[in-house]
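Structure first, then comments.
We did not get these values from a lab; they are worked out from the coordinates using the rules stated. What you see is a predicted model, and the numbers here were worked out from it, not measured in a lab.
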Amino acid sequence: MNKLEMTDLIVSTRLEKGLSWETIGKDTGMSPVWLTSACLGMNSAPPEKAAAIAEYLGLGEEVAKALEAFPTKIWDQAVPTDPLIYRLYEVVGVYGETLKEVIQEKFGDGIMSAIDFSMEVDKIEDPKGDRVLLTLNGKFLPYKSW
């Protein structure tokens, strides 16, 4: 089973069972953001987490093995067309240089890891319209000279 087949099966099973990513994450003791990313094929899961996800959803060993497989992270489009994903792309396009400047002013020359990383998505209720709070938490990795 490849990552695409795995994702299709996981998503259809989740919908058939009426489960949210939040519920699956809570019930399995995993971050719903990380869990969703693994189930959509963008991260590999350690064997124990892969087995827990497959077991929770009532899916077999093939799904667990596909969850464990190392992904190839490829985007289909240069500029995304889904409105929500495009807005995140737009944020990076508009504020990317600003974020780079501010991060490097505070930390020095380097990058924020997307490997030693966590992300949370929260809802902030607001009378003028609910707000989305994204928290990106990555280890700072300084560039080294040799």
Exercise. Ordered by residue, what ³J(HN,Hα) values in Hz, to whole numbers, does the range 112-125 give under the Karplus form 6.51 cos²θ - 1.76 cosθ + 1.60, where θ = phi - 60° and Gly and Pro are x?
Worked result: 9, 5, 9, 9, 8, 8, 9, 8, 10, 10, 10, 9, 10, 6
Exercise. Helix 83-107 versus the longest principal axis of the chain: what angle, 0 to 90°, nearest 10, using Cα atoms?
Worked result: 50 degrees
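By how many nm would the segment from S20 to M42 grow when fully extended, if each residue of separation counts as 0.36 nm and the alpha-carbon distance is taken off? Don't skip to the answer; put the middle values down first.
Details: separation 22, 0.36 × 22 = 7.92 nm, distance 1.84 nm.
Contour length minus Cα-Cα distance gives 6.1 nm.
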Problem set entry | Where only alpha carbons of the range 83-142 are counted, the Rg and the Dmax (Å) | 13.8, 42
For this session: Averaging sequence separations of C-alpha pairs under 8 Å and six or more residues apart, then dividing by the length of the chain, give the relative contact order as a whole percent.
Result: 18 percent
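Where does the chain land at 222 nm, in deg cm²/dmol rounded to the nearest 500, when only DSSP H runs of n ≥ 4 count, each adding -39500 (n - 2.57), divided by all residues? Display every interim value, and only then the final one.
Values: 6 runs with 74 residues, N = 146.
Taking each H run of at least 4 residues, the total per residue is -16000 deg cm²/dmol.
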For this session: Report, by chain and number, residues whose modeled amide H sits under 5 Å from the one on I111, excluding near sequence neighbours (fewer than 5 apart, same chain).
Result: L141, Y143
